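Data first, discussion second: the structure below is written as C-alpha cells.
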Amino acid sequence: MRLLPRGTHDPAMFIKPRQLRHALQNAGLVPGPETGLGPRGLNRRLDLTFGPLPLTTILYMGIALRPGLALGGPGLPPLKWSSLRYGF
C-alpha cells in the first residue's frame, strides 16, 4: 500500500498481542477480549476506512480490568466480558 515512507516503523519494536497479554497479567490485570483493526474500504472522499477484523496482524485493541472491579457500577448488575462491545 505504501501509505508511509520506508523506515517509519521498526517491526522489531512492535508488541505482539500475546506479549501484551503476558505483560498485563504480570501487572496484576485481567486481560479481556481483543479484536483486530485494519483497512476496510474507502469512503466517499476516497479515504481509507478502518474497522474490526478477525486478525490481529495489522492493528489490535483490547481491554483489561483490575481484579475485583465491578463493571456494572453502583446498583447495576456486574457485566460479563461477552457483553462488552467495541464502538463499531
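Only the coordinates and a few stated rules stand behind these numbers; no lab work does. Nothing here was measured: the structure is a model prediction, and the numbers come from that model. Cβ: placed from backbone, ideal geometry, glycine included. Neighbour counts: every protein chain shown.
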TODO: With a cut-off of at least 2 residues that are exposed (fewer than 10 other Cβ atoms within 10 Å of the Cβ), name the strands (runs of 3 or more DSSP E) lying wholly within the stretch 12-68.
DONE: none
Open item on the list: So the check is Cβ under 6 Å with 6+ separation or different chains; which pairs have a first residue in the stretch 15-32 that's under 13 Å from GLY62 (Cα atoms) and a second one that's surrounded by 14 or more Cβ atoms within 10 Å (Cβ to Cβ) and among the β-branched types (Val, Ile, Thr)?
Closed with: PRO17/THR56; GLY32/ILE63
- [ ] Would you check if THR8 is of a type in the set (Ser, Thr, Tyr) and in contact (Cβ under 8 Å) with a residue 24 or more places away in the chain?
- [x] no
